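Before any comments, here is the structure.
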Amino acid sequence: MQWSTHDIHNQVAALQDYNLYDSDPVLQAAVERQGAGWHAPALRQQGNLLGEAATLALAEQANRHGPELHTHNASGHRIDQIEFHPSWHALMALTRSHGLVSLPFTQPRAGVWAAYAASQYLHNQIEAGTYCPISMTFASIPVLRKESALFARIGPALLSHIYDARDLPVEQKSAMLVGMGMTEKQGGSDVRGNTTRAVALAGAGRGAEYALTGHKWFFSAPMCDAHLVLARAEEGLSCFYVPRRLPDGSKNRVEIQRLKDKLGNRSNASSEVEFKEAWALMVGEPGRGIPTILEMATYTRLHNVISSAALMRQASVQALHYTRHREAFGKRLIEQPLMASVLADLLLESEAALLLAMHLAQAFEQTPEPLSQAWQRIITPAAKFWVCKRAVELTGEAMEVFGGNGYVESGPMARLFREAPVNSIWEGSGNVMCLDVLRALSREPEAAQRLLSDLESQAGDDPLLGGQLHALRAMLAQTPDTLESNARRIVQKLVLIAQGCLMRAHAPGTIADAFLRSRFDGDGGRVFGSLPPVIDRAAIIARAWQD
Ligand SMILES: Cc1cc2nc3c(=O)[nH]c(=O)nc-3n(C[C@H](O)[C@H](O)[C@H](O)COP(=O)(O)OP(=O)(O)OC[C@H]3O[C@@H](n4cnc5c(N)ncnc54)[C@H](O)[C@@H]3O)c2cc1C
């Protein structure tokens, strides 16, 4: 017998079976422009695979069935193992096969950083939890390859495009993952207060063996084969390589206390750990642990920018898809003038974030060219602050485009929204990033001048950009106290100017104008969807997503 109370209509089918790369003209243009056209076939294939319903289901499952900690085995022995849903392993295997752990290091050719950033951008749109262990492993490579004896042993597994989840000593594995451990209970921003102690076992200094005793309050991806950890040696805070297993196969004395119960980022395991005389090797110079591990953080911060840009793209595309098919008050939502204002504004933000992320990635390729170094040192923390913050706001607004359907876990928007804030918090929270930008500007005045002069020449005779640059220079001339309390305003202006210059250089004139007018004109609103009336919303919407 059938009981039917109603027919279902005006509900929107899930967005699936589309190609994330082919439908993104801005990404394609950036890839070509930045010399990564040789990677376009691979990106197209990746974009197709990521858009398939089966891959979307993996992402959904990995987040619904999060990791579980098993501290002991049946006979009471400590094992400290993390059990993941099979979907997590499938997604991790995808990331590795697409070179997301090491592409720029294994294929150092022109355009490889753009190719890499584009690939990360595609992956993060579909599942962002996996990017945590992937980006930390990536970021450890430049640090670890300076340790020649250690790198000779682990290099092939570190650079590998294969995924190997087995809990074995690294020497027996075809691939490894590396995490980072800095944050302790008493403070993560000011790691100078770290209390974990390192005692030399035989000899001391770079490459020597130590025993670590203490804790880390946030220790993501504890299943990694090794972590780079900050601990206090006789010479001061130093960086250590702490493997999960020792060469003889026994487990290192790193105990996982519990997993964090997180707002988002649920597919990924984050933990609290204690080191009980854990075996470690010193990496970098004794007492130079902060600069050593900050080198790693520069790369993970670039990843945060790419990941947040990706969340914005996916949220915007989902909003476009939904409004194309949902009707209210007699029209499709996308045809309602006020909704078109919201969509166009989201798309402008998303495009500017992508252009910034891609240009920043290029700067990592062009080191030691001085302007690229200035971008790397100053724009990395600036973009990490701004783009990650904008992703929180944008994913919230895009969620509302779905109405009530946005707020429930059966659709894609709630996960995007829950995922966004973590990029702003970890790897240096917002204020810390802004203070880092000020530090870079004052400690490296030549780099600061080079960056500002370059932005001025790119701005040309654009009156809006020129006015903003003038105002920025005036803000930078303030007294140190005023500078610090104004750091967010300064960094916001710097990033918007950089994004404005990139939009002016690479977006069609009307779209660049729309960005500049809406971001710099005095009567701009404080929420998405408050674009000035003259802006051609339809042109922005028509260009953004081509399916
Ligand atoms: C899901 C997740 C996973 C994580 N994984 C890892 C990991 O794997 N390894 C790791 O080492 N850490 C990890 N972290 C920790 C993260 O990096 C820290 O939480 C972050 O650096 C901030 O440190 P804190 O939590 O101790 O906050 P605090 O340092 O106490 O900072 C609190 C607030 O004060 C602000 N602040 C700090 N100093 C100043 C100042 N001088 N002026 C103005 N404002 C200031 C900060 O911006 C922040 O907003 C993780 C965090 C999360 C949420």
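The values are calculated or read from the model by the stated rules, or taken from the named source; none is laboratory data. For clarity, every value in this text was computed on a predicted model and none was experimentally measured. Glycine also receives a Cβ, built like all others from the backbone with ideal geometry; neighbour counts cover every protein chain displayed. When the accessible area is computed, the model is the full protein with side chains, heavy atoms only, and any ligands, DNA or RNA have been set aside. Shrake-Rupley method; radii C 1.70, N 1.55, O 1.52, S 1.80 Å.
Here are some notes:
- Against the list (1) touching a helix residue (DSSP H, G or I) at 6+ places or on another chain (Cβ under 7 Å); (2) open to solvent by 10 Å² or more (accessible area, probe 1.4 Å); (3) modelled with pLDDT of 95 or more, the condition Leu230 fails is (2).
- Total residues in the range 254-273, condition open to solvent by 20 Å² or more (accessible area, probe 1.4 Å) and within 23 Å of Thr292 (Cβ to Cβ): 1
- Answer from Ala310, Ala357, Ala340, Ala319 - the residue that is over 30 Å from Gly181 (Cβ atoms), in contact (Cβ under 8 Å) with a residue 40 or more places away in the chain, touching a helix residue (DSSP H, G or I) at 6+ places or on another chain (Cβ under 7 Å) and open to solvent by less than 10 Å² (accessible area, probe 1.4 Å): Ala319
- Total residues in the range 173-202 satisfying the condition of being away from the ligand (no atom under 16 Å from the Cβ) and either at pLDDT below 95 or within 20 Å of Ser271 (Cβ to Cβ) (or both): the figure is 2.
- Look at the range 175-202: where a residue is on the phi < 0 side of the Ramachandran plot and touching a residue at least 60 places away in the same chain (Cβ under 8 Å) and a partner is away from the ligand (no atom under 16 Å from the Cβ) and part of a loop (DSSP other than H, G, I, E, B), sitting 6+ places away or on another chain with Cβ atoms under 7 Å, you get Ala175/Ser160; Ala175/Ile162; Ala175/Tyr163; Ala175/Asp164.
- Among the candidates Leu49, Leu20, residue that is surrounded by 15 or more Cβ atoms within 10 Å (Cβ to Cβ), within 30 Å of Asp167 (Cα to Cα), of a type in the set (A, V, I, L, M, F, W, C) and touching a residue at least 40 places away in the same chain (Cβ under 8 Å): Leu49
- On the stretch given as the range 394-446, residues that are away from the ligand (no atom under 12 Å from the Cβ), within 30 Å of Gly187 (Cβ to Cβ) and outside any helix (DSSP H, G or I) total 1.
- Strands (runs of 3 or more DSSP E) wholly inside the range 131-221 that include at least 1 residues being touching a helix residue (DSSP H, G or I) at 6+ places or on another chain (Cβ under 8 Å): 178-181, 209-220
- Hey, Gln373 polar (S, T, N, Q), free of Cβ contacts under 8 Å to residues at least 24 places away in the same chain and open to solvent by 10 Å² or more (accessible area, probe 1.4 Å) or not: no
- Counting only residues that are open to solvent by 10 Å² or more (accessible area, probe 1.4 Å), out of contact with any Leu (no Cβ under 7 Å at 6 or more places or on another chain) and within 16 Å of Ile306 (Cβ to Cβ), the range 23-43 holds 2 of them.
- Among the residues of this structure, Ala297 does not count as one that is buried (at least 24 other Cβ atoms within 10 Å of the Cβ) and either at negative phi or within 12 Å of the ligand (Cβ to nearest atom) (or both).
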